[in-house]
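*Asks:* Okay, handing you the structure first.
Coordinate-derived values only; no laboratory data. Since the model is a prediction, treat every value here as computed from it, not as a measurement. Here Cβ is always computed from backbone atoms with ideal geometry, including for glycine, and neighbour counts include all displayed protein chains.
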């Protein structure tokens, strides 16, 4: 690669990073509880894969826009996204986060308690395929946020459609991921995670029950989130 082309790419990357940083500073400033939750994965030997501050604000804005009272989160990690979501709820609202790892759930509960959200947030432990079925008898959710193992995203979408109300939102993280989920086809050797994201994208874009859009929201536009409004049941 020529030196001038390499310099151009580096400058573009620096500009994208600056834009991401300024969006977070202007629109999604973190307080102590959020910073602690974002730093918790590294402190507890967990993957540092929380949503970005801008994504947290987007989720919070979606929830507030529809007056959400019940929110479902599939994948709690350390509770960072849970804090953003729980803060969108009224005092008598409810956030239910599903987490397969007991260790992660413990960290998430501590993060939510530190943020003063323990009264409206709970973390349920177990495989999502089991904990989701247990929710079928409960009232519908206003918003469902999906951020768990990627190979099961298509299954989570079907559950979200079943558990959420008409007029509610479904949001799924990592659905832009360097453009791979948006590709027309996947290579034969694509991973299960890549196939799950790709299939989720196809379904979210074409299901007549949904009005969807994918948004590049972080990492300089290299990853992002799909937001779907439920327009039919």
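*Asks:* Based on alpha-carbon centroids, what's the gap between the stretch 33-47 and the stretch 134-157 in Å, whole number please?
*Replies:* 24
*Asks:* Which whole-number percent gives the relative contact order of the stretch 3-230, counting Cα pairs below 8 Å spaced six or more residues apart? Provide the component values of the computation, followed by the final result.
*Replies:* Numbers: 406 pairs, mean separation 39.7, N = 228.
Value for the stretch 3-230: 17 percent.
*Asks:* If the chain between residue 49 and residue 10 were fully stretched, how many nm would it gain, using 0.36 nm times the residue separation less the Cα-Cα distance?
*Replies:* Working: separation 39, 0.36 × 39 = 14.04 nm, distance 2.38 nm.
Full-extension gain reported as 11.7 nm.
*Asks:* By average Cβ neighbour count within 10 Å, what is the ranking of 141-153, 81-93, 182-194 from highest down? Before the final figure, lay out each step's value.
*Replies:* Details: 141-153: 23.4, 81-93: 21.0, 182-194: 11.5.
Listed from highest to lowest mean packing, they are 141-153, 81-93, 182-194.
*Asks:* Summing -39500 (n - 2.57) over the DSSP H runs of n ≥ 4 in the chain and dividing by its residue number, what mean residue ellipticity at 222 nm do you reach, to the nearest 500 deg cm²/dmol?
*Replies:* On the way: 8 runs with 102 residues, N = 233.
The helix contribution divided over the chain gives -14000 deg cm²/dmol.
*Asks:* How high is the relative contact order of the stretch 131-179, in percent, with contacts defined as C-alpha pairs under 8 Å that are six or more residues apart?
*Replies:* Numbers: 40 pairs, mean separation 23.8, N = 49.
Once divided by the residue count of the stretch 131-179, the mean separation gives 49 percent.
*Asks:* If I take every Cα pair under 8 Å that is 6 or more residues apart in the stretch 116-233, average their sequence separation and divide by the length, what percent do I get for the relative contact order?
*Replies:* Over the stretch 116-233, the number comes to 27 percent.
*Asks:* Among DSSP beta bridges whose residues both lie in the stretch 107-233, state the antiparallel percentage, nearest 5. Don't jump to the answer; show the numbers that get you there.
*Replies:* Working: 13 of 18 bridges.
Taking every DSSP beta bridge within the stretch 107-233, about 70 percent pair in antiparallel fashion.
*Asks:* Report, for the stretch 3-230, the % of DSSP beta bridges that are antiparallel, rounded to 5.
*Replies:* Values: 13 of 32 bridges.
Close to 40 percent.
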